[in-house]
Amino acid sequence: MSAAQPNESSNAISLAVWIAVGTIALVIGIIMLTRLAVSSYGSRSLDPAAMTPEALAARIGPVAKVQLEGAAPVAAATPASAPKVAAVAAAPAKAKDGKSVYDTVCMACHMTGAANAPKLGDKAAWAPRIKTGNDALVASVIKGKGAMPPKGGGTALSDAEIKAAVEYIVAQSK
């Protein structure tokens, strides 16, 4: 047994030495790779002239031009004469009827009763509201009331579309 002990301790010391040598070699390798990366990529300096608006426009400008036969030559675009985007007027949207407004905006709350919204067709819940008249109902929808945001959340809706939706709901709830 006494002969085996020096052998085991020498194996442990040998293992510790090899771990230390390997760790040092790994650290030196990482340092060398870092220096290589910094020297290759970090030493590049940007030319101040490359960052001028004219140079940027030249780099991101079109790569080709189309020249029609018989047409005037196409001039190169410069930052000062960059093409302007023409405003395009949207085609007027077709007004929605009351049912489609209800289906797209109002149904979320008035079908489920969310935030105490009166459900479509609930005559008892709608009766006191209907007594105030359609104009008062339309005004409260446009302004918003309680948890209901203005225009019921359909901010793109016109007042006429809101009125049509109110008339649809009232007709279904009488």
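Length gain on complete extension for the stretch residue 26 to residue 130, per 0.36 nm per residue less the alpha carbon to alpha carbon distance?
29.2 nm
How do the peptides 125-138, 153-166 rank, highest first, by the average count of neighbouring beta carbon atoms within 10 Å per residue?
Result, highest mean Cβ count within 10 Å first: 153-166, 125-138.
What percentages make up the Cα-Cα pair-distance distribution of segment 98-173 when the bins are 5 Å wide from 0?
Final binned percentages: 3, 18, 31, 33, 14, 1, 0.
Sorting check: for 21-30, 114-123, 94-103, which peptide has the highest mean count of neighbouring beta carbons within 10 Å, and how do the rest follow?
So the peptides 21-30, 114-123, 94-103, ranked by packing, come out 94-103, 114-123, 21-30.
Computed from the coordinates by the stated procedures, all read-outs in this text should not be read as laboratory data. Computed from a predicted model, the values in this text were never measured in an experiment. A quick note on method: Cβ atoms are made from the backbone with ideal geometry, for glycine too, and the neighbour counts reach across all protein chains shown.
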